[in-house]
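The values are calculated or read from the model by the stated rules, or taken from the named source; none is laboratory data. Nothing here was measured: the structure is a model prediction, and the numbers come from that model. Don't worry about glycine lacking a Cβ; one is built from the backbone with ideal geometry, like all the others, and counts go over all protein chains shown.
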Ligand code: NA7
């Protein structure tokens with residue numbers, strides 16, 4: 001665990017993921033655009049980079065966990081971005097959820113600098129991020145994946161190698177199509193049952209016992225019963241991810257009618273007053 005490592009993006013997911021790298025003994029330099037989010041990790045033993053360039057200069061491997069395509073481009077290729085500091089032979093591990101097209105373009109641009117890209121978005125929200133049990137879906141050259149396997153293992157319980165750069169993002173977008181659809185259907189089902197006079201907890205007990213039971217329904221159902229609506233998969237990202245799936249479907253000539261409906265539901269949620277989650 002002696003690889004000098006950088007970590008950019010200390011949001012809901014990134015902060016606990018970076019903490020697991022510190023715990024595993026990686027010499028870690030962290031950076032977040034909003035600087036005060038670095039304070040707790042500094043107390044836990046990470047160094048704080050003065051700039052993205054400095055994170056690059058101090059690292060052999062840099063992990064990204066930022067919002068979207070635009071954020072990844074800013075962080076890597078913006079003025080004084082990570083690429084301005086990272087030496088040839090370095091590796092970027094992008095764990096953000098982005099479009100396949102943007103991930104492939106990032107790989108091409110990094111290649112021009114002699115820097116490798118490991119496309120490694122993750123499934124699992126804040127709890128598995130804290131316990132180091134995320135599921136990584138990876139697109140990378142096999143040798144590049146092996147170089148960063150210990151880094152990924154410090155944050156993830158399972159690592160799925162799926163093909164070249166772009167394959168990880170393709171799996172992530174396809175998987176989140178399922179998750180966002182499941183969550184939307186659970187909400188509609190509970191609403192319908194309650195209108196009919198059923199009890200939420202009893203409904204969830206039935207769902208958990210029969211052949212469409214799911215750990216996702218159990219976890220989210222418990223939070224619904226407890227009235228615990230703290231953001232773990234914020235609306236802004238759920239909307240972004242369902243739009244990524246809808247756009248991928250269009251570009252591939254597929255009619256994904258269910259995901260189009262999910263996009264409209266999340267847009268309606270934003271209009272109904274949950275917009276703050278889009279802007280945080
Ligand atoms: P959060 O909690 O919304 O965190 C997003 C992070 O991305 C946060 O550190 C942001 O910095 C950072 N960010 C966003 N835009 C930029 C730009 N332009 N430049 C630099 N940094 C930026 O998201 P999660 O942790 O829940 O999720 C992260 C990813 O995993 C996302 O792709 C999800 O879909 C899955 P800030 O603190 O706002 O300054």
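Across region 15-27, the qualifying residues are those that are within 15 Å of the ligand (Cβ to nearest atom) and either out of contact with any strand residue (DSSP E or B) (no Cβ under 7 Å at 6 or more places or on another chain) or part of a strand (DSSP E or B) (or both), and the one among them that is nearest to residue 150 (Cα to Cα) is 20. Hey, does region 157-176 have a residue that's surrounded by fewer than 20 Cβ atoms within 10 Å (Cβ to Cβ) and free of Cβ contacts under 8 Å to residues at least 12 places away in the same chain? No, because not a single residue in region 157-176 is surrounded by fewer than 20 Cβ atoms within 10 Å (Cβ to Cβ) and free of Cβ contacts under 8 Å to residues at least 12 places away in the same chain. Take the conditions (1) within 20 Å of the chain's Cα centre (by Cα); (2) under 22 Å from residue 12 (Cβ atoms); residue 247 misses just one of them, which is (2). Please indicate, with yes or no, whether at least one residue in region 189-200 is surrounded by 11 or more Cβ atoms within 10 Å (Cβ to Cβ), in contact with a helix residue (DSSP H, G or I) (Cβ under 8 Å, 6 or more places away or on another chain) and within 23 Å of residue 260 (Cβ to Cβ). Yes, some residue in region 189-200 is surrounded by 11 or more Cβ atoms within 10 Å (Cβ to Cβ), in contact with a helix residue (DSSP H, G or I) (Cβ under 8 Å, 6 or more places away or on another chain) and within 23 Å of residue 260 (Cβ to Cβ). Residues in region 45-55: is at least one assigned to a strand (DSSP E or B) and away from the ligand (no atom under 15 Å from the Cβ)? Yes.
On the stretch given as region 236-263, residues that are over 25 Å from residue 71 (Cβ atoms) and either in a helix (DSSP H, G or I) or within 15 Å of the ligand (Cβ to nearest atom) (or both) total 4.
Restricting region 28-44 to residues that are touching a helix residue (DSSP H, G or I) at 6+ places or on another chain (Cβ under 9 Å) and in a loop (DSSP other than H, G, I, E, B), the residue that is nearest to the ligand (Cβ to nearest atom) is 33. Would you pick out the residues in region 1-14 that are within 14 Å of the ligand (Cβ to nearest atom) and over 16 Å from the mean Cα position of the chain (by Cα)? Answer for region 1-14, where residues must be within 14 Å of the ligand (Cβ to nearest atom) and over 16 Å from the mean Cα position of the chain (by Cα): just 6.
Across region 206-215, the number of residues qualifying as within 19 Å of residue 183 (Cβ to Cβ) and part of a helix (DSSP H, G or I) comes to 4. Which pairs have Cβ atoms under 7 Å, sit 6 or more apart or on different chains, and link a residue in region 223-241 that is farther than 16 Å from residue 266 by Cα to one that is at pLDDT 90 or above and more than 8 Å from the ligand (Cβ to nearest atom)? Matching pairs, first to second residue: 224/190; 224/200; 225/200; 225/201; 225/204.
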